[in-house]
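The values are calculated or read from the model by the stated rules, or taken from the named source; none is laboratory data. Computed from a prediction, not measured in an experiment: that's the story for all the values here. Ideal geometry is used to build each Cβ from the backbone, glycine not excepted, and the neighbour counts take in all protein chains shown. With ligands, DNA and RNA removed, areas are computed over all heavy atoms of the protein, side chains included. Shrake-Rupley method; radii C 1.70, N 1.55, O 1.52, S 1.80 Å.
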Amino acid sequence: HLHLLSRAAGIDSGMLHIRCGEDILGKLEAAGLPGRKLSWADPLCEGPWLPYERAFARPVRARFLAERYALDFMSALDALATADEALDGAADEDEVVLWFEHDLFDQPILAYLLTELAPLAERGVRLSLVQVHEHPGIERFIGLGQLDAAALGALFPARATVSAATLALAHRAV
């Protein structure tokens, strides 16, 4: 499901947090992290991939999502459009923070988003990434969704700036 949480209390923080899924968005709010929170969860590892601008590919992706996940076509189309519009709005932000994991679902989305956001980095928007493969106290760590608001909040200051090499790798992957 794709979903956008609006800016908290109308405060323009200049920050956009993007997660592939909704599982931690409420926790990021609870941790007091500033900015808008966006779930961009089109599962690019499944279904048809069209090398066209998203606006042209969106109906094909929406039809796939509707059939694959028993969703209403118009709702899927609207959700994709809302997420794409929020992504387009990232140009107005000072920083975009990507919260992703190392699995097959997340990585194609991350590569796609980094490719789309790369021009923003050239214009001075900071792109940063929170991606961990383990967490103290969790023996079998499988993802950020296991963490509570406090633990997620503690990861935020340690976020890494996305390097030019990472952007180039993402471009090659897409």
Task: Extension gain, Glu53 back to Leu169 (0.36 nm per residue minus Cα-Cα distance, nm) - done: 39.7 nm
- [ ] Work out the length of the dipole vector of segment 98-156 about its Cα centre, built from +1 on the beta-carbon of each Lys and Arg and -1 on the beta-carbon of each Asp and Glu, and round it to the nearest 20 debye.
- [x] 220 debye
Task: Over the chain: helical MRE at 222 nm, DSSP H runs n ≥ 4 each giving -39500 (n - 2.57), nearest 500 - done: -13000 deg cm²/dmol
TODO: Set the Förster radius R0 to 25 Å, insert the Cβ-Cβ distance between Thr82 and Asp103 as r into 1/(1 + (r/R0)^6), and round the FRET efficiency to 0.05.
DONE: 0.55
Open item on the list: Can you compute the charge dipole magnitude of the chain about its Cα centre, using +1 on each Lys and Arg Cβ and -1 on each Asp and Glu Cβ, nothing else charged? Give it in debye, rounded to the nearest 20.
Closed with: 160 debye
Open item on the list: Once you place label points 7 Å from the Cα toward the Cβ at Ile138 and Glu46, how far apart are they in nm?
Closed with: 2.2 nm
Task: Euclidean distance of C-alpha centroids, segment 68-106 and segment 35-65, integer Å - done: 8 Å
Task: Dipole of segment 82-164, positive direction: furthest Cα of Ala118, Gly145, His135, with charges on the beta-carbon - done: His135
Task: the chain - share of DSSP beta bridges that are antiparallel (%, nearest 5) - done: 30 percent
- [ ] Please label the shape of segment 31-109 as rounded, prolate or oblate, based on the square roots a ≥ b ≥ c of the eigenvalues of the alpha-carbon gyration tensor (a/c under 1.5 means rounded; beyond that, a/b larger than b/c means prolate, else oblate).
- [x] prolate
- [ ] Find how much the distance from Arg123 to Glu29 grows on full extension, using 0.36 nm per residue of separation minus their present alpha carbon separation; answer in nm with one decimal.
- [x] 31.1 nm
Open item on the list: Along the Cα→Cβ direction, 7 angstrom out, place labels at Ala70 and Gln146. What is the inter-label distance in nm?
Closed with: 3.0 nm
- [ ] Taking the Cα centre of segment 52-146 as origin, work out the dipole magnitude from +1 charges on Lys and Arg Cβ and -1 charges on Asp and Glu Cβ, in debye rounded to 20.
- [x] 320 debye
- [ ] Just check the chain against the gyration tensor rule for me: Cα atoms, a ≥ b ≥ c as the square roots of the eigenvalues, rounded for a/c under 1.5, and otherwise prolate or oblate depending on whether a/b exceeds b/c.
- [x] rounded
Task: Accessible surface, 1.4 Å probe, highest first, among residues Val174, Val96 - done: Val174, Val96
